[in-house]
Amino acid sequence: MAPSRGPEPLARALYNSLENHKGPVHVARYAKGSAKYVLTGGQDRVVRLWNPNLGTEIKTYSAHGYEVLSISVAHDNTKFVSSGGDRSVFLWDVTTGNTIRRISAHLTKINVVEFNSDASVVASGSYDSTVKLWDLRSQNRQPIQALEEARDSVQTLYVGSARIMSGSVDGHVRTYDLRKGELRTDYIGHPVTSVVPTQDESTYLVMTLDGHIRLMDAITGKLLNDFFGHAHTSYRCRACFGHGEASVVAGDEDGAIWAWDLLDAKPLQPNPPPRVHRKVVTWTEHHPTEAGELITASADGTVKVWRYPASGL
C-alpha cells in the first residue's frame, strides 16, 4: 500500500484557475491515464472540457436542462457520461460534442454515474434510492439490473471489474459482488458523500457528514483509520487518495484543502490548511499518474489546478 518514506507533499501551489462556470461547480474529472484534460460540470447545466496546463476551455457540452452533478470518463477518453437534475443519463462523444444517447433512467435527479472498465456498462445512482445498470451496447430501454437496497438517496458509486460500491444518505456503504451475487453492507452511521477504494480494492475511503473520513477494510468492514479536523456537515464533498495512496486529501465546507498521512492519520502541514476557495470545496481529485497535481471544484464557481512544486510538470 503506502510507501514507507511517507506521503509526498501535497500540491499546494496554485497553477491555474478555471473560471468559466456560472455558479457552483459540482464535479471535476481528469481524463484517463496521462491525458492532459479535465471535464467539469456545474449548476449552469454545462459540461466544460479544459486544458489545465494552459488554463483554457476547449469545448462545452450543452444538453442538460438542469444542474450537472456527475461525470464519468471512458477508459479511452473518447466518450463520457453525465447526469444531474434531468433524471436522464447523457452519453457524449468527446470530439464532436454530440450526445450519442440519452437514457431515461430515474424518477428523480441522478446524483452519480460511473462507467465500468471498458465503458460497456454505466451505473447510475439516484435521489430515488436506487442504483441501475445500463448496457450501452444494447438499445434496450430497461436496465440490466436495479439495486434497490438503499433506504435514502444514493450519493456515490464505484464500479470495479467484479464489484459495485454505493454510498447513501442512509449511512450505509453497500458492496455488491457481481460474480458471487452477494451483498455486504457496512453501517457507517452518518450520511455518506463519497466512497473511493484503493486500486487493489482491499480498502476504501468513506466521507460522511459528521466531519470524518474513514479508511475501511473492504473485506471485513473493519475501521482501519479515521481522518478528521475538516468542516463537513451539509454538502456532498469528495475525498480521494494522494499520490501512491500514501495520503488522504479532501476539501471542506470552509474552502480549505486538507491532507492526512494514510498510516498515522495525522494532518499534513499546514494544519489547519489555508482557505483557498470562497465556498465549499465540492470535489477533490488527484491526477491519475502525476505525483504533483490535483484539482478542486467549488461552489464559488471555480476549478483550481494545484501543483507541487510550483514549476510545470
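A few points about this structure:
- Some residue of region 133-153 being closer than 19 Å to ALA74 by Cα, under 19 Å from the mean Cα position of the chain (by Cα) and part of a strand (DSSP E or B): yes
- Among the residues making up region 130-165, those that are of a type in the set (S, T, N, Q), under 22 Å from GLU201 (Cβ atoms) and modelled with pLDDT of 95 or more are GLN145, GLN155, THR156.
- Residue-level check: of (1) in contact (Cβ under 8 Å) with a residue 60 or more places away in the chain; (2) surrounded by 17 or more Cβ atoms within 10 Å (Cβ to Cβ); (3) of a type in the set (Asp, Glu), GLU19 misses just (2).
- Here PHE90 meets each of (1) touching a residue at least 40 places away in the same chain (Cβ under 8 Å); (2) among the hydrophobic types (A, V, I, L, M, F, W, C); (3) touching a strand residue (DSSP E or B) at 6+ places or on another chain (Cβ under 6 Å) with one exception, condition (1).
- A count restricted to region 277-306 and to residues that are within 14 Å of GLU19 (Cβ to Cβ) and not in a strand (DSSP E or B) stands at 7.
- Qualifying positions in region 79-105 - closer than 26 Å to THR284 by Cβ and not in a strand (DSSP E or B): GLY85, ASP86, VAL94
- Of the strands (runs of 3 or more DSSP E) contained entirely in region 1-76, those carrying at least 3 residues that are at pLDDT 95 or above and under 18 Å from the mean Cα position of the chain (by Cα) fall at 25-30, 38-42, 46-51, 68-73.
- Residues in region 95-118 that are crowded, with 20+ Cβ neighbours inside 10 Å, aliphatic (A, V, I, L, M) and within 15 Å of LEU136 (Cβ to Cβ): ILE103, ALA105, VAL113.
- Listed by position, the strands (runs of 3 or more DSSP E) contained in region 162-267 that have at least 1 residues being surrounded by fewer than 18 Cβ atoms within 10 Å (Cβ to Cβ), more than 16 Å from the chain's Cα centre (by Cα) and touching a residue at least 24 places away in the same chain (Cβ under 8 Å) are 182-187, 223-228.
- Within region 268-281, considering residues that are touching a Ser or Thr at 6+ places or on another chain (Cβ under 6 Å) and not basic (Lys, Arg), the one surrounded by the fewest Cβ atoms within 10 Å (Cβ to Cβ): HIS277
- Whichever residue in region 94-112 is under 17 Å from ASP76 (Cβ atoms) and of a type in the set (A, V, I, L, M) and, among such residues, is nearest to the chain's Cα centre (by Cα): VAL94
- When region 166-189 is filtered for residues that are closer than 26 Å to ASP200 by Cα and among the charged types (D, E, K, R), the ones remaining, listed by number, are ARG174, ASP177, ARG179, LYS180, GLU182, ARG184, ASP186.
- Members of region 260-304 that are within 28 Å of VAL47 (Cα to Cα) and touching a Leu at 6+ places or on another chain (Cβ under 7 Å): THR284, GLU285, HIS286, HIS287, GLU290, GLY292, GLU293, THR302, VAL303, LYS304
- Of all residues in region 282-297, those being in contact with an Asp or Glu (Cβ under 6 Å, 6 or more places away or on another chain) and surrounded by 20 or more Cβ atoms within 10 Å (Cβ to Cβ) number 2.
The values are calculated or read from the model by the stated rules, or taken from the named source; none is laboratory data. Keep in mind that what you see is a predicted model, and the values were worked out from it rather than measured. Heads up, the Cβs are rebuilt from the backbone with ideal geometry, glycines too, and the neighbour counts pull from every protein chain shown.
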